[in-house]
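All remarks here apply to the structure that follows.
The numbers here are math on the coordinates, done by the rules we state, and not lab data. Computed from a predicted model, the values in this text were never measured in an experiment. With ideal geometry, Cβ positions are generated from the backbone for all residues, glycine too; neighbour counts draw on all protein chains shown.
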Number of protein chains: 4
Amino acid sequence: MAEVITRTARGSRADARRNRELILGTADEYFAEHGVGGSLDAIAKRAGVGPGTLYRHFPTRDALLAALLSDRDDELVARRERLRVESADTAAALDGWLRAVVDWAAAFEGLPEPLRAATTTSASPLATTCEGFVTTTAEFLTAAQRDGLARSDVRARDLFLAALATSWVGGAALADDATTTALSSLVRAGWATSAPLASRAD
Amino acid sequence: MAEVITRTARGSRADARRNRELILGTADEYFAEHGVGGSLDAIAKRAGVGPGTLYRHFPTRDALLAALLSDRDDELVARRERLRVESADTAAALDGWLRAVVDWAAAFEGLPEPLRAATTTSASPLATTCEGFVTTTAEFLTAAQRDGLARSDVRARDLFLAALATSWVGGAALADDATTTALSSLVRAGWATSAPLASRAD
Amino acid sequence: MAEVITRTARGSRADARRNRELILGTADEYFAEHGVGGSLDAIAKRAGVGPGTLYRHFPTRDALLAALLSDRDDELVARRERLRVESADTAAALDGWLRAVVDWAAAFEGLPEPLRAATTTSASPLATTCEGFVTTTAEFLTAAQRDGLARSDVRARDLFLAALATSWVGGAALADDATTTALSSLVRAGWATSAPLASRAD
Amino acid sequence: MAEVITRTARGSRADARRNRELILGTADEYFAEHGVGGSLDAIAKRAGVGPGTLYRHFPTRDALLAALLSDRDDELVARRERLRVESADTAAALDGWLRAVVDWAAAFEGLPEPLRAATTTSASPLATTCEGFVTTTAEFLTAAQRDGLARSDVRARDLFLAALATSWVGGAALADDATTTALSSLVRAGWATSAPLASRAD
DNA sequence: AATGAATGAGTGTTCATTCAT
DNA sequence: TATGAATGAACACTCATTCAT
């Protein structure tokens, strides 16, 4: 009989995990279609679960968002590693990383907004996510600064926010790629020293 | 008799104008408290007019916002003129102008968002407002470029959007002035050439 | 000076009449597009007059409707006369008249409703209009009854209402002409005696 | 254990069903007072539920109406059965049925209108209701036609619409029973053949 | 006589969140 | 642990009607 209970418990847990994944998958789809402001009820309905279930797994919209983004972390970690080994220099690496952040924050329409809020006020599940990004940015930035390729008075947090802001400017219609690119370049020109140009001339 | 007619005409309009000003004042207050997403009905109620009256004057949230901002235009025009005559050089003028835009867009929480949308899609009363700003930015930028103080591949529209984005990063709590300042400096470093430093040395 | 005043007065009256016609023409157009439930404000706006002006001329939607219909009376009177002289017999005349009423009530979407209300409750400017129609119907009916072509227990008012109801069934989409025709025939079979069939056999 | 589950299931549903019945009862009352155009919000308020609850159960005014009418279906089915066995002949049965439809459609002021719309355009929960009625009408009509008591060129759909129209003529004030009766008789005379008169003479 | 600004109750609908089952 | 019914405040927007000018 204990076995039965255990089996049931295990079953329940599997069910819960299955539901979690189900919700996550549906939310990914739904947010991609309707932006991060989409109705949570609608997500629950599409996933075939009750709103209460969604709420139990993700008590907050931000919590759901954070879980969603953490699933995409793998890609970003891979990209980070690639940048580390493949970049021509540490400036190129930092630049590549910031552009990756811009793309990442453009995953869903309206995503930059909660990310900014989390970075600023830090009372959200997304704060942890953002912190990780700032840390990585700091690593790239420090390396570039050590090589004299980045100005020393630039802070990692500001660069992260600049990337977020660049993504925000793109807005819903990412059609205007030119603007996004232009801003990314502007930001790069903002943190880079003139030194590398000289060294490139060599 | 002409006077009578005038008086009558003025009278009729005075009533409407009084209401218009009343609504505008209330909206200013309300948006300052609740951000640009605040309830229009609530504004009407607080102003002591029916929702229809508000709607008659400002058929759209954006229309109300545009009217609100146009009231502030005067300050900005004044600032522009001051920058033209008082700035050390055209680079300082452009920098000052962009910082003015950043402040201006921070008037209400959430204001950067509709401004960005208007800049991008141009089907809103705010679009005109934004266009005016882009034009002024272009004037400052062109002057700086002529003096070799700004990179030639930078566009006015992107600088305006960068200012908007800087304001957006500040978010509701403008408490974090440091971040805003840092981003403004980053943007300046982004468009400025190194030349001026050299020329300054002259 | 008296002359001036008179001229002014005359001018005013001409203005008023012109406005009346203007409103009437616009309302005809607008009701044709949006049905009789269309916005009176919209009509005033399209006519280029204030809502107060419309209201002064036509204090009620029904008053406007009645004026509109009275303009169409001429057509109907003409049709009535034609029916009187051209019909094969008094039964054909009555039938023709009722079908004319059906068409007339289909002038605007939703028109049958206020007509029915006016016929029933008689406290509307449309009541007079309807009474005229009932009277004409009575004339045709009496003639047909005298010739033994219409059942004697049928009342003119009921025939008028039946015509209205037939028009109502057609509703907005008069596409379903078949239904309207079928109902008209049903009604005819309802009031006609079998006698005419016999006489036709001759 | 099955009992427990059942009880739970029933319990959960009982709550919803109780509300459903509550809303239905209130709507019945309210529509009887104010006609089918009455405010849905007001119904929710009077029922003591939130507007969302009403909306959950009945997403459309027509859906609510359909549910309301389906509750009355039972009476009508009973009446149909009685007509089948008790009528003197198939003509009397058809006549009785059509009068029953007239009464049924007079349940609320303004009800004939959505019914007609549903019959014509068929994109509403009421369409199903109407279809059922047309089908029953067809059964009675076919029987009468087989007995030579109804004209063969009459269609069931038109008879149903004629009944609706008769009900519509009655309008809000069912006071004018005479008119309703007169129209019902007119319609009957419209579809009935003269044959029965002959057979009656036997 | 005309204007048009003002009114304000009223509409259907949405949705994050709670909680009884 | 899951369900999904219930909540109810909130939203933008309309329009017949009045009335000061």
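Each of D:Val77 and B:Asp147 was given a label point 7 Å from its Cα along the Cα-to-Cβ line. The distance between the two points is 8.9 nm.
The ranking of A:Ser122, A:Ser87 from fewest to most other beta carbons within 10 Å of each one's beta carbon is A:Ser122, A:Ser87.
Rounded to two decimals, the Cα-based Rg/Rh of chain D, with Kirkwood Rh, is 1.08.
Take D:Val77, push a point 7 Å out from Cα through the beta-carbon direction, and compare it with the same point in every other copy: 5.8, 6.3, 7.7 nm, smallest first. Taking the axis that rotates chain B onto chain D, the chain B residue nearest to it by Cβ, with the distance rounded to whole Å, is B:Asp41, 8.
Couplings 3J(HN,Hα) of region C:94-105, computed from phi: 4, 4, x, 4, 5, 5, 5, 5, 4, 4, 4, 6 Hz, in residue order, whole Hz [Karplus 6.51 cos²θ - 1.76 cosθ + 1.60, θ = phi - 60°; x for Gly and Pro].
When A:Phe160, B:Phe108 are arranged by Cβ crowding within 10 Å, least crowded first, meaning fewest neighbours, the order is B:Phe108, A:Phe160. Rg/Rh for the protein assembly as shown stands at 1.13; both radii use Cα atoms, and Rh follows the Kirkwood definition. Projected label points at C:Ala107 and D:Asp15, each 7 Å from Cα along the beta carbon direction, are separated by 5.8 nanometres. Counting neighbouring Cβ atoms within 10 Å and putting the fewest first, the residues A:Thr128, C:Thr119 line up as A:Thr128, C:Thr119.
I'd like the FRET efficiency for D:His34 and A:Arg46, computed as 1/(1 + (r/R0)^6) with the beta carbon distance as r and R0 of 56 Å, rounded to 0.05. After rounding, the FRET efficiency stands at 0.90. Between copies, B:Thr128 shows label-point distances of 4.8, 5.1, 5.3 nm, shortest first, with the point placed 7 angstrom from Cα along Cα to C-beta. Whole-Hz Karplus values for region C:52-62 come out as x, 5, 4, 5, 5, 6, 9, x, 9, 4, 5 Hz, taken residue by residue from phi with 6.51 cos²θ - 1.76 cosθ + 1.60 and θ = phi - 60°; glycine and proline positions read x.
In nanometers and ordered shortest first, the copy-to-copy spacing of the B:Glu21 label point, defined 7 Å from Cα toward Cβ, is 4.4, 6.3, 6.7. Here the Gaussian network model covers chain D, with springs between Cα atoms less than 10 Å apart; of D:Arg20, D:Arg82, D:Arg116, D:Arg82 fluctuates the most.
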